[in-house]
Amino acid sequence: MAEVNETDQTPNLGDSTTPSQPKPEQITTTNVAVPIPDVGPQLQVVVDEFILKNGSSDEEVRTAARNDLRDFIEREEIGITTLLVVVKYAHEFKNADLLDAFCERVADLIKDKKVVGVREIFGIVNDFTPEEEHALRDEHPWAFED
Amino acid sequence: MSLPDELWRWILELGVNTSCLTYKDLCCISMSCRRLNRLSKEDVLWSKLLFFDFPAHVSSSTDRQSPKSIYQIRFEKDKVKKLLAERRAVLRIESRIHEHTRKLHEIEGRLVDENEKLKAAIDELKGLRRVKEASTALKVWQPEIIHSRQKQIVENCSVPVGFRINALEMEIKLCKQHISGFLRARKDENDRLEAAKERLSKVKYHPLQSSGLDDESRNSRKSTGNNLKRVKHE
């Protein structure tokens, strides 16, 4: 199932948090299948298909693959936890296109949310003191006066 | 939240580059927790937003403020400018609305008058037609009661019947013409009034740009977003 390009690098399986890891945008996309634990088999299939098609030299096939993946994610309303898992593994396996597709979806979920909404989505704990929160609100009224 | 910082950064950058995330989103994110507060303040994000939303801004090397502060300053200046423009536009349109309303009243008044004229003419015409009938009927034999009644009708009329009937028929025609003219004018003026009210509702201040323009530029940025980020680090 693993389709490998001539120019690919061996996937960095072990450490995903080394400081020397290249910035995401400098990674070249490799066509290695990205096995993702803990996601449904359906998503795995779609991801594999995307990787396959994305390796094509035909621009149209690649664009179609990207759109199909995007549509699938939207349609199935893939949850944030799964999205983040895929993001992590796409990054680990240095698949920039896969990474982008899922990162964009995450950004989409953040869009137009209020502060509470953002916390809810990611299960973020509010670690500000009430004074800090107050100060932050005072800092940002310009963004919310309509 | 189990992602490393750089992946969060990438998500935010991607979001800004594709115009998915706006200044508002970044501000909300910055208030959610300390880590996101730090990550959402980064210069690269706000520089991009400045580039998108206030492209006229030329950053000088002496800019010691963070891009986020610069953005806020630009935003607030822009808002003041736009609110003033909105005020002027509102006053302008309101005076037009006042004018259209006044004209409509005038037309309504004329319609009322003309309708009254029409009614009076029709009534008079009815009466004169009765006289004409009566005078025609007098020429044939009738029972005495009817004959004398008809004679009375004819004698009570002091105007030259035939002449007056013609005049009235013409007047009625004219009134109807005037009325349809007024109705048209009223519709036109009303249309103008409604258009002005519509313009008034649209003139309200929107942050950044008018909403229509905003969506357009967002869609065009979405498609070029990929190119932008690839070029960045080459």
Going from most exposed to least, what order do A:Asp138, A:Asp97 have by accessible area with a 1.4 Å probe?
A:Asp138, A:Asp97
Can you list the lysines whose alpha carbon is less than 22 Å from that of B:Lys77, not counting same-chain residues fewer than 8 positions off?
B:Lys24, B:Lys41, B:Lys48, B:Lys68, B:Lys202, B:Lys204
Determine, from the Cβ-Cβ distance of B:Ser66 and A:Arg62 and an R0 of 45 Å, the FRET efficiency 1/(1 + (r/R0)^6), rounded to the nearest 0.05.
0.75
Over the whole of A:94-104, what's the average partner chain Cβ count within 10 Å per residue? Rounded to a whole number, please.
3
Relative to the present Cα-Cα distance, how much length would full extension add between B:Ser148 and B:Val90 at 0.36 nm per residue of separation?
13.6 nm
Kindly report the accessible area of region B:75-213 per residue (heavy atoms of protein chains, probe 1.4 Å, no ligands, DNA or RNA), in Å².
72 Å²
Expressed in nm to one decimal, what extension gain is obtained for the pair B:His105 and B:Arg35 from 0.36 nm per residue of sequence separation less their Cα-Cα distance?
18.8 nm
Candidate lysines for bridging to B:Lys197, where Cα separation is under 24 Å - those fewer than 8 sequence places away on the same chain excluded
B:Lys79, B:Lys81, B:Lys82, B:Lys103, B:Lys187
Hey, got the average number of other protein chain Cβ atoms within 10 angstrom for residues in B:17-23?
4
Ranked highest first by the average count of other Cβ atoms within 10 Å around their residues, in what order do B:14-21, B:136-143 fall?
B:14-21, B:136-143
Separation between the B:Met170 and B:Asp191 pseudo-spin-labels, each 7 Å from Cα along Cα→Cβ, expressed in nm?
3.4 nm
Rounded, prolate or oblate: pick one for region A:32-125, where a ≥ b ≥ c are the square roots of the eigenvalues of its C-alpha gyration tensor, a/c under 1.5 means rounded, and failing that, prolate if a/b is larger than b/c, else oblate.
prolate
Full extension between B:Trp141 and B:Lys119 adds, at 0.36 nm per residue less the Cα distance, a length in nm of 4.5 nm
Lys and Arg at +1, Asp and Glu at -1: neighbours of B:Ser32 with Cβ under 10 Å from its Cβ sum to +3
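Please state, as a whole number in µm²/s, the translational diffusion coefficient that the Stokes-Einstein equation yields for region B:88-217 at 25 °C and 0.890 mPa s, with Rh defined as the Kirkwood radius across alpha carbon pairs.
The calculation lands on 125 µm²/s.
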Of B:Leu174, B:Leu50, ordered by accessible area with the largest first and a 1.4 Å probe, the sequence is B:Leu174, B:Leu50
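Using only the heavy atoms of the protein chains and a 1.4 Å probe, how would B:Cys157, B:Cys27 rank by accessible area, largest first?
B:Cys157, B:Cys27
The values are calculated or read from the model by the stated rules, or taken from the named source; none is laboratory data. Since we're looking at a predicted model, the values are computed, not measured. So basically every Cβ, Gly included, is an ideal-geometry build from the backbone, and we count neighbours across all protein chains shown. Areas reflect the complete protein model, heavy atoms only, side chains present, ligands, DNA and RNA absent. Shrake-Rupley method; radii C 1.70, N 1.55, O 1.52, S 1.80 Å.
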